[in-house]
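Below: one structure, written as structure tokens.
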Amino acid sequence: MAEQDLYKEIGEIKGRQEMVAKQLGGIETKLDRIADDVSAVKSRVSKIEGRASVWGILTAAITTALINLGLRK
């Protein structure tokens with residue numbers, strides 16, 4: 001009888017382990033998706049920052065040119 005109880009307990013433990021493994025697999029999949037989303041957002045932000053710095057440089061150059069033209073008169 002003790003042997004049957006032991007096999008039953010081992011089976012329950014194995015079942016729990018399989019359930020935990022499935023849950024961890026699901027969590028891993030979700031984390032992969034989140035990592036992909038974060039990567040995409042970082043890429044977009046980088047592009048926006050790049051455009052903003054270009055516009056900043058252009059604005060500064062135009063402003064400097066206008067100030068220089070105004071000072072020459």
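Observations, loosely collected:
- Failed item in (1) modelled with pLDDT of 85 or more; (2) exposed (fewer than 10 other Cβ atoms within 10 Å of the Cβ), with VAL20 passing the rest: (2)
- Count of residues meeting criterion [hydroxyl-bearing (Ser, Thr, Tyr) and within 34 Å of the chain's Cα centre (by Cα)] in the stretch 49-73: 2
- Boolean, ARG44 is on the phi < 0 side of the Ramachandran plot, of a type outside the set (Val, Ile, Thr) and at pLDDT below 90: yes
- Some residue of the stretch 62-71 being part of a helix (DSSP H, G or I) and either at positive phi or among the acidic types (Asp, Glu) (or both): no
The values are calculated or read from the model by the stated rules, or taken from the named source; none is laboratory data. Only a predicted model underlies this, so the values are computations on that prediction, with no experimental measurement involved. Neighbour counts are summed over all protein chains in view; Cβ atoms, including those assigned to glycine, are modelled from backbone coordinates with ideal geometry.
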